[in-house]
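Report on one structure; see the data block that follows.
The values are calculated or read from the model by the stated rules, or taken from the named source; none is laboratory data. On a predicted model such as this, the values are computed, not experimentally measured, just so you know. Here the Cβ positions follow ideal geometry from the backbone for every residue, glycine too, while neighbour counts run over all protein chains shown.
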Amino acid sequence: MELHLIKRNYRNKKIFIILLTSLFIFSQELREGLLGNTFAAINVLSLFSVSLLILNNFNELNKLKFTLFYVAIIIYIFTASLYEDSLFTIIKCIIAFIFPLILIIQEVNNNSFENIFKLTILTLNTVIIIITIIGICEIIFGIKINNYISIFMSPRTQEQIIANSMSDEAKRLYSFMGHPLFNTELYLMFLVLNILYNKYLQQRKSPVWILVVPTIGLAFTGSKTGFVLLCVSVLLLFKSSNIINKILLIMFGLIIALKIGLFNTLIYRFTTGSLTSGRSEKWIEITSMNIFPIKFFTGYGNGFTFILNSYVDWASAAFEYPIRMFSLEMGIIMTIMIYLFIMVIPIIILMKRGHWDLLLSYLIVFADINTFNGIAILGDKMMILSLFIFLILNLSKLIYMKDDIKEV
């Protein structure tokens with residue numbers, strides 16, 4: 001390997017240590033607790049590290065897609081100047097929603113990618129295991145660990161955690177990463193990335209604990225959609241040397257989990273209310289009123305979704321799907337630009353290469369993130385999604401290149 005390539009790979013590894021630290025160690029929730037909402041929304045370390053990654057690997061950046069990225073920024077600046085009343089808000093939105101998209105189109109060489117993927121798996125696994133252990137202590141044994149951790153988190157999340165711990169209803173899993181729905185996303189990422197890592201980089205079947213951990217976690221988060229997607233993952237992605245053993249293991253695990261009350265939260269949420277928890281019903285109500293119609297070129301500004309609550313009770317629930325929230329706050333044209341990167345580009349690439357298990361892995365997480373408003377709120381959520389897509393697409397490139405070499 002050439003010396004300059006070795007140096008570049010070394011720099012990539014260091015850059016990703018900074019990026020992963022900024023996203024999973026100094027999480028948005030912890031930053032908000034320490035720095036306040038205004039400054040915590042801008043993740044300086046992730047902005048710095050992704051910028052360095054682009055500069056260090058600029059030759060491997062697709063120039064046509066980079067032009068599309070540049071166009072997205074120009075369109076947002078032009079349209080946002082018509083409805084946002086603060087330059088600082090425009091800058092924050094660019095950093096939170098548009099800048100992370102460049103990570104999706106960035107490629108790195110295969111040796112560097114293998115190191116990056118391994119580093120990400122180690123970081124994500126550590127975070128997920130810690131969250132799960134805390135969840136078991138909280139929900140099974142009633143030890144209120146998150147109440148103490150919440151002191152260092154945002155006031156809103158701290159309030160939710162304390163209310164959750166005092167509730168007589170089934171409790172849900174919060175963590176230092178945030179809301180149960182975001183924890184659901186992390187559990188699904190954990191599952192599909194570990195399956196893919198073991199299959200393609202380790203050339204082995206995934207161990208059973210890779211399935212057990214997210215099953216426990218998703219039972220605690222109480223996400224109905226998340227549990228359905230977990231079942232899809234188990235049936236279509238999780239491979240076992242013996243299908244009968246796989247079925248027996250799942251059945252035995254479910255029986256034990258039901259006996260000890262592991263699924264109490266999930267069962268409670270499935271048996272109370274609709275699958276969308278009232279969001280679809282509220283959307284029908286809001287659209288029939290037509291008081292703030294969604295516009296094509298412009299929006300009503302960042303945070304307007306929650307301002308709507310002062311006009312209609314719980315109106316924000318109608319826009320908890322990110323595609324609706326982006327459309328309301330930024331306009332349809334910017335929503336299209338964002339979804340070109342997070343949906344259209346990945347699907348086209350994976351379908352064109354025939355990487356169906358990678359496509360399914362991507363779709364499982366993509367389906368989940370579109371059931372709650374995480375990526376449409378200022379913070380790290382879009383960057384974490386972009387990191388996930390970056391891993392999927394670079395793994396696809398690695399597999400594609402190896403297949404080409406075999407054919408030759």
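For the reader, a short list of remarks on this structure follows.
- Residue check for Ile364: modelled with pLDDT of 95 or more, assigned to a helix (DSSP H, G or I) and more than 25 Å from Thr67 (Cα to Cα): yes
- Number of the exception - Met351 against (1) modelled with pLDDT under 95; (2) under 22 Å from Leu391 (Cα atoms); (3) over 20 Å from the mean Cα position of the chain (by Cα): (1)
- Entirely in the range 1-59, the helices (runs of 4 or more DSSP H) that have 1 or more residues that are in contact with a Leu (Cβ under 6 Å, 6 or more places away or on another chain) and in contact (Cβ under 8 Å) with a residue 60 or more places away in the chain: 3-20, 44-56
- As a summary of the residue check, Leu266 satisfies the conditions (1) modelled with pLDDT of 90 or more; (2) assigned to a helix (DSSP H, G or I) except for the one numbered (1).
- Residues (of a type outside the set (Lys, Arg), closer than 20 Å to Ser206 by Cβ and either in contact with a Leu (Cβ under 7 Å, 6 or more places away or on another chain) or surrounded by fewer than 19 Cβ atoms within 10 Å (Cβ to Cβ) (or both)) located in the range 101-120: Phe113, Glu114, Phe117, Leu119, Thr120
- Residue selected from the range 293-325 under the condition modelled with pLDDT under 85 and buried (at least 17 other Cβ atoms within 10 Å of the Cβ), by the criterion farthest from Asp368 (Cα to Cα): Ala315
- Elements of type helices (runs of 4 or more DSSP H) contained in the range 63-120, each with 3 or more residues being in contact (Cβ under 8 Å) with a residue 24 or more places away in the chain and farther than 25 Å from Arg11 by Cβ: 63-80, 87-93
- Of the residues screened, Phe306 is one that is free of Cβ contacts under 8 Å to residues at least 40 places away in the same chain, of a type outside the set (D, E, K, R) and either part of a helix (DSSP H, G or I) or under 23 Å from His179 (Cα atoms) (or both).
- For the range 144-200, a residue qualifies if it is of a type in the set (Lys, Arg), assigned to a loop (DSSP other than H, G, I, E, B) and surrounded by fewer than 20 Cβ atoms within 10 Å (Cβ to Cβ), and exactly one does: Lys144.
- Qualifying residue in the range 371-386 (condition: surrounded by 19 or more Cβ atoms within 10 Å (Cβ to Cβ), touching a residue at least 12 places away in the same chain (Cβ under 8 Å) and more than 20 Å from Leu23 (Cβ to Cβ)): yes
- Flag if Thr123 is in contact with a Ser or Thr (Cβ under 9 Å, 6 or more places away or on another chain), over 29 Å from Tyr197 (Cβ atoms), of a type outside the set (Gly, Ala, Ser) and buried (at least 18 other Cβ atoms within 10 Å of the Cβ): no
- Which numbered condition Met351 misses (of (1) surrounded by 16 or more Cβ atoms within 10 Å (Cβ to Cβ); (2) of a type in the set (A, V, I, L, M, F, W, C); (3) more than 25 Å from Cys93 (Cβ to Cβ)): (1)
- Those residues of the range 126-143 which are among the hydroxyl-bearing types (Ser, Thr, Tyr) and either buried (at least 21 other Cβ atoms within 10 Å of the Cβ) or not in a helix (DSSP H, G or I) (or both), in sequence order: Thr132
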